[in-house]
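Everything on this sheet refers to the single structure shown next.
Just so you know, all these numbers are worked out from the coordinates, no wet-lab data involved. Quantities reported herein were computed from a predicted structural model and do not represent experimental measurements. Positions of Cβ are generated from backbone atoms using ideal geometry, with glycine treated the same way; all protein chains shown enter the neighbour counts.
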Ligand SMILES: [Zn+2]
């Protein structure tokens with residue numbers, strides 16, 4: 001979910017929590033795909049027909065491709081959440097993660113926010 005939509009719908013802290021959960025769900029998928037790759041390698045080592053071995057090779061390719069995709073998504077969501085969280089401190093009063101969304105600049109990829117404690121405005125890039 002985009003930062004502006006997430007803040008508007010759930011607030012920053014819930015958006016951040018969901019980004020981390022989504023990130024780690026992809027990490028779990030990566031782990032399961034690695035188990036699938038190892039299981040397919042194990043099954044391929046036995047004496048079986050050429051068709052079964054072709055299916056094992058296809059499974060290895062499929063699990064590897066999905067695993068690499070899931071690992072990339074894990075790193076993307078994690079980095080995006082952390083980069084945004086590093087900008088969530090109010091520059092004036094240092095209060096963390098408590099702000100309201102003022103505006104969104106989709107061209108720059110930034111959002112203008114306002115601190116709930118001291119009403120200071122600053123820009124967060126996403
Ligand atoms: Zn503040």
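Put a dot 7 Å past the Cα of residue 92, heading toward its Cβ, do the same for residue 20, and the two dots end up 2.8 nm apart.
Say we join alpha carbon atoms closer than 10 Å with springs in a Gaussian network model of the chain; which of 67, 97, 45 then has the biggest fluctuation? Ranking 67, 97, 45 by mean-square fluctuation puts 45 first. Normalised by the number of residues in the chain, the average gap of Cα pairs under 8 Å and 6 or more apart makes the relative contact order 25 percent.
The modelled label-to-label distance for the pair residue 43/residue 123, using points 7 Å beyond Cα in the direction of Cβ, is 5.4 nm. Put in order of Cβ neighbour count within 10 Å, fewest first, the listed residues 14, 84 become 14, 84. To the nearest 10 degrees, how steep is helix 50-85 against the longest Cα principal axis of the chain, on a 0 to 90 scale? It is inclined by approximately 10 degrees. Using R0 = 41 Å, the C-beta based FRET efficiency linking residue 51 and residue 1 works out to 0.40. An ellipsoid equivalent to segment 73-126, defined through the eigenvalues of its Cα gyration tensor, has semi-axes of 21, 14, 7 Å when rounded to whole angstrom and sorted largest first.
Please give the FRET efficiency for residue 116 paired with residue 76, using the beta carbon to beta carbon distance and R0 = 30 Å, rounded to the nearest 0.05. Efficiency computed from Cβ-Cβ geometry: 0.55. Using only C-alpha atoms and all pairs of different ones, pull out the Kirkwood radius for segment 3-125 in Å with one decimal. Taking the inverse mean of 1/r over all distinct Cα pairs, segment 3-125 comes out at 17.1 Å.
When each of 16, 76 is scored by the number of other beta-carbon atoms lying within 10 Å, the sequence from fewest to most is 76, 16.
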